[in-house]
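K.L.:
What follows is a single structure, and I will ask about it in a moment.
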Amino acid sequence: MFRHTKYHLRKHSFTSRVFYYVFSFLIIATLAIYLESGFKSLDFSKLFLIFSTVSFSKVILYAFFTFLRLCVAYLISLFLALLVVFVITRHKKVENFLVPIFDILQSVPVLAFFPLIIVVFAQLHMPEFAAQLVLIIAMFWSILFGALGGLHLIPEEIFDAARIYNATGIRMFFKVIVPAIFPQLVTGSILSFGEGWNVIIISEYINYGNIQISLSGLGNLLSVSAGHNTQLFVASLLVLVALILVVDRLVWHRLTEYSERFKFE
């Protein structure tokens, strides 16, 4: 597995990073405009109209709703993954039974569960729960299998030393196992959030048969504006990319560095 180093993460100056980000935004905006034109022309005047025709306060508010929705789904997924790991550490035979089942389930695309989720929660008039369930199904597996992989990397000597100090049960789990698998949890969390970004559109804008549900979020804005409102589409896309970059730099970048101290050499 590729390991980040401080040099790798910080080798670019602030000016060069800003240049890369701006350049990336311009490429994304160009592709969005070209896509909206049906691959016929590039009308950059539409890009400048964004600032005069789009309510960025609304887009940013919707970005907050999207991020909050992802955070809730991630925390639930993390809790469920840690709960499974805890049960497995307490009962070794459970792993032989559950892991093959989980392995089969995680290979099933999240869209395969989509019709059932929509029908059930639409009848219950609980669209937010439908969105959360879609996100949790997509985000859960990366955290779980990352944690299970990290569990098997813990040297047996660590458990023996912990038992000498009477660390058992919950104390063993939170004082020994969770810190030991922390690097794998961070890696799994990064992949998990990536899966969440991938399915955010279908979770916030549900259009299945005669069922149509719209939730406040960037996924909804992208779905509604695609092919109809170029300025709103590009603005939503740029804010989404900016949000992904901010989360990556302020959260995952720092957690990746911090997790280095927990790795076994």
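The values are calculated or read from the model by the stated rules, or taken from the named source; none is laboratory data. This one's a predicted model, so the numbers in the text were calculated from it and none came from an experiment. Note: ideal-geometry Cβ built from the backbone for every residue, glycine included; neighbour counts use all protein chains shown.
K.L.:
In contact with a Lys or Arg (Cβ under 9 Å, 6 or more places away or on another chain) and touching a residue at least 40 places away in the same chain (Cβ under 8 Å) - does that describe any residue in region 110-130? Spell out the reasoning first.
P.N.:
Taking region 110-130 and keeping what is in contact with a Lys or Arg (Cβ under 9 Å, 6 or more places away or on another chain), we get 128.
In the following step, the residues that additionally are touching a residue at least 40 places away in the same chain (Cβ under 8 Å) were identified as 128.
Yes, the conditions are met somewhere in region 110-130.
K.L.:
Right, something else. Could you name every one of the helices (runs of 4 or more DSSP H) located completely within region 170-265 that has at least 2 residues being among the β-branched types (Val, Ile, Thr) and at pLDDT 90 or above?
P.N.:
Values: elements: 182-204, 218-225, 230-247, 253-259.
So the answer is 182-204.
K.L.:
Only one residue in Phe64, Phe102 is modelled with pLDDT under 90, in a helix (DSSP H, G or I) and of a type in the set (Phe, Trp, Tyr). Which one?
P.N.:
Phe102
K.L.:
Does Val94 fit the bill of being aliphatic (A, V, I, L, M) and within 23 Å of Val178 (Cβ to Cβ)? Full working, then the answer.
P.N.:
Numbers: aliphatic (A, V, I, L, M): yes; within 23 Å of Val178 (Cβ to Cβ): yes.
Yes, satisfied.
K.L.:
Of the conditions (1) buried (at least 19 other Cβ atoms within 10 Å of the Cβ); (2) more than 19 Å from the chain's Cα centre (by Cα); (3) modelled with pLDDT of 85 or more; (4) not hydrophobic (A, V, I, L, M, F, W, C), Pro155 clears all except one; give me its number.
P.N.:
Tallying (1) buried (at least 19 other Cβ atoms within 10 Å of the Cβ); (2) more than 19 Å from the chain's Cα centre (by Cα); (3) modelled with pLDDT of 85 or more; (4) not hydrophobic (A, V, I, L, M, F, W, C), Pro155 fails exactly one: (1).
K.L.:
OK, next. Inspect all residues belonging to region 94-113 and state whether any of them is of a type outside the set (Lys, Arg), farther than 14 Å from Ile202 by Cα and surrounded by 20 or more Cβ atoms within 10 Å (Cβ to Cβ). Talk me through it step by step, then tell me what you get.
P.N.:
Going through region 94-113, the residues of a type outside the set (Lys, Arg) turn out to be 94-113.
Filter again for farther than 14 Å from Ile202 by Cα, leaving 94-108.
Within this subset, residues satisfying the condition of being surrounded by 20 or more Cβ atoms within 10 Å (Cβ to Cβ) are none.
Among the residues of region 94-113, not one is of a type outside the set (Lys, Arg), farther than 14 Å from Ile202 by Cα and surrounded by 20 or more Cβ atoms within 10 Å (Cβ to Cβ), which makes the answer no.
Residue-wise test of (1) crowded, with 16+ Cβ neighbours inside 10 Å; (2) among the β-branched types (Val, Ile, Thr); (3) in contact with a Phe, Trp or Tyr (Cβ under 8 Å, 6 or more places away or on another chain).
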| site | (1), (2), (3) |
| --- | --- |
| Gly196 | yes, no, yes |
| Leu221 | yes, no, yes |
| Asn229 | yes, no, no |
| Leu250 | no, no, no |
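K.L.:
Surrounded by 14 or more Cβ atoms within 10 Å (Cβ to Cβ), under 28 Å from Val87 (Cβ atoms) and modelled with pLDDT under 90, is that true of Ala131? Quick ask: steps written out before the conclusion?
P.N.:
Numbers: surrounded by 14 or more Cβ atoms within 10 Å (Cβ to Cβ): yes; under 28 Å from Val87 (Cβ atoms): yes; modelled with pLDDT under 90: yes.
Yes, satisfied.
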